[in-house]
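Read the structure below first, then the notes.
Every number here is computed from the coordinates shown, using simple stated rules; none is lab data. All values derive from a computational prediction rather than experimental measurement. No Cβ is skipped: glycine too gets one built from the backbone with ideal geometry, and neighbour counts run over all protein chains shown.
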Amino acid sequence: MLRSVPGTNDFFGKSKEYAFREPVFRHIVESAQRVLSASGAQTIHTPIFEYAEVLQKGVGTTSDIVVKKEMYTFEDRGGRILGLRPEPTASIVRSYNEHGMKVWPQPVRLFTWGPIFRAERHQKGRYKQFHQVDYEALGSSDPLVDAETIALMVQIYRELGLKHLEVKLGTVGDPEDRLRYNAYLRELFRPHAQELSEDSRTRLESNPMRILDSKSAADQQIASGLGVRPMLEFLGEEARAFHQAVVRYLEALEVGFSIDPSIVRGLDYYVRTAWEVHHANIGAKSALGGGGRYDGLSEMLGGSRVPGVGFGIGIERVAIAMEEEGVEAPTSPSLDLYLAPLDEAAKVEALQLAQKLRPQLQVEIGYSVKKVGKALEDATKKGARYAGLLGQGERMNRVTLKNLASGKQTQVAWNDVARWLGEQAEQPFAD
Ligand code: HAM
């Protein structure tokens with residue numbers, strides 16, 4: 001039997017794993033849609049593959065995605081080098097530039113959801129194909145937009161019923177601040193290079209700030225022993241004022257958060273504001289989402305300067321957190337009626353009646369003729385509220401409706417079925 005690629009998952013209603021239940025997935029997306037649409041943001045869908053250049057330039061040469069070759073890249077028949085998106089932000093900025101969205105009222109606020117691909121070693125909470133809800137606000141460099149973006153993200157988690165959230169706000173400064181900070185870090189860590197993990201040793205030259213968010217216990221011990229000064233102390237005048245404004249706004253919006261100087265983010269395009277939302281009790285893969293400002297990204301992609309800020313929410317991670325908090329899993333809507341043909345002639349009648357009722361009710365049919373007892377068994381197994389029996393006794397466009405909980409039954413004309421079932425639903429104690 002052929003199987004799926006490890007690190008990829010199938011999402012369906014009865015999946016044994018909560019995180020891969022399709023109704024849970026849909027519930028997360030719909031909650032995000034509600035929050036973001038209410039704020040006036042518009043949906044956008046970009047292709048899941050792009051010229052590799054678009055995707056690579058965005059995330060940057062020192063990101064794990066590029067350094068560890070986590071992007072799935074391939075050559076198509078036209079000799080084009082393409083990549084499966086390892087994140088959607090670069091594609092959205094590419095689209096903004098390509099379609100001249102700069103002349104629209106700014107900021108242009110867009111959101112999307114869908115599959116993301118990273119060739120990482122998989123484990124619980126980390127997959128090769130995973131899914132994100134992504135939101136971007138393009139065309140404003142006002143710190144108010146950063147605060148609104150963070151608040152919207154937190155509102156999505158709250159809407160989903162999550163409580164044990166840790167919103168960690170940091171700043172990665174402006175590029176020139178980062179140059180100064182990286183020089184300081186290189187100097188500080190170089191004498192300890194041999195004790196650092198392999199990843200951090202590589203990052204010592206390319207992007208030493210990433211050492212600060214290393215998950216290796218040894219790295220963390222070295223960093224705390226060295227008493228590393230935070231990025232905040234290296235900020236220029238403007239970046240500092242910007243950060244303070246974001247903090248002030250977030251306080252005014254009553255978004256609970258803490259300042260965390262170790263927030264570095266794994267993508268190179270960030271400037272100034274950077275944040276992550278973690279869940280307190282889901283273990284190592286605790287980041288439910290992250291975001292930040294990326295004012296230079298558009299220029300990296302050959303466009304003009306377009307300031308931007310946004311976030312990505314990991315859908316599977318959110319589902320894992322919902323399960324951990326015991327948030328009730330939404331289930332597929334229950335079946336109203338299961339129509340069972342009791343003789344050959346009733347087979348087509350079942351389908352005719354189903355089609356008539358389906359705009360208002362969820363109706364399934366049995367496709368083969370069964371005896372009454374077996375038909376009722378099937379209807380119960382399907383989880384239907386009512387069984388509809390069609391046979392000799394029901395000709396002339398009538399159907400016997402049997403309440404599967406109470407066992408009571410009555411004959412109803414086809415034209416009255418929707419109304420009759422509707423009335424029963426409104427009377428909780430009716431049979
Ligand atoms: P990111 O932090 O790389 O940011 O990813 C966002 C979220 O996606 C993570 O916090 C995590 O929940 C989830 N995630 C990442 N990798 C995996 C994986 N292998 N398996 C399961 N979940 C994963 C971005 O992607 C940025 N584009 C966010 C952004 C938008 N920044 C500005 N605008």
Beta carbons within 10 angstrom, averaged per residue: use that to sort the peptides 59-66, 281-288, highest first.
-> 59-66, 281-288
Using alpha-carbon coordinates, inclination of helix 143-159 to the longest axis of the chain, degrees | 40
All other residues with a Cβ under 14 Å from the Cβ of ALA379 taken together, and with Lys, Arg as +1 and Asp, Glu as -1, what is their net charge?
-> +3
Using a Gaussian network for the chain with springs between C-alpha atoms less than 10 Å apart, which of these wobbles most: GLY161, GLY139, GLY393?
-> GLY393
Of the residues LYS69, LYS374, LYS14, which exhibits the maximal mean-square fluctuation in a Gaussian network model of the chain defined by a 10 Å Cα contact cut-off?
-> LYS374
Return the loop-located chymotrypsin sites (Phe, Trp or Tyr not before Pro) in the stretch 329-407 (DSSP other than H, G, I, E, B) with at most 11 other Cβ atoms within 10 Å of their own Cβ; answer none if there are none.
-> TYR367
5 Å-binned pair-distance histogram of the stretch 337-425 (Cα, whole percent) | 3, 16, 31, 29, 17, 4, 0
Determine Rg/Rh for the chain; Rg is computed over alpha-carbon atoms and Rh is the Kirkwood hydrodynamic estimate from the same atoms.
-> 1.11
Using a 10 Å cut-off on Cβ atoms, rank the peptides 412-424, 315-327 from the highest mean neighbour count down.
-> 315-327, 412-424
Put +1 on the Cβ of every Lys and Arg and -1 on every Asp and Glu Cβ in the chain; which of GLY256, ALA41, LEU376 then has its Cα farthest towards the positive end of the dipole?
-> LEU376
For the chain, the longest principal axis of the Cα atoms and the Cα long axis of helix 315-324 enclose an angle in degrees, to the nearest 10, of 70
Mean projection area, nm², convex hull over Cα of the stretch 166-304 | 9.4
Would you tally the net charge around PHE117, using a Cβ to Cβ cut-off of less than 9 Å, leaving PHE117 out, and scoring K and R as +1, D and E as -1?
-> +2
C-alpha center-to-center spacing [the stretch 122-142, the stretch 319-345] in angstrom | 29
For LYS371, list the lysines whose Cα falls under 20 Å from its own Cα; do not include residues on the same chain fewer than 8 positions away.
-> LYS347, LYS381, LYS382, LYS402, LYS408
Name the lysines eligible as straight-distance cross-link partners of LYS285: C-alpha to C-alpha under 23 Å, and not fewer than 8 places from it in the same chain.
-> LYS16, LYS68, LYS69, LYS124, LYS128, LYS163, LYS168, LYS215
Return the single residue from LYS16, LYS371, LYS124 with maximal mean-square fluctuation; model: Gaussian network over the chain, springs between Cα atoms under 10 Å.
-> LYS371
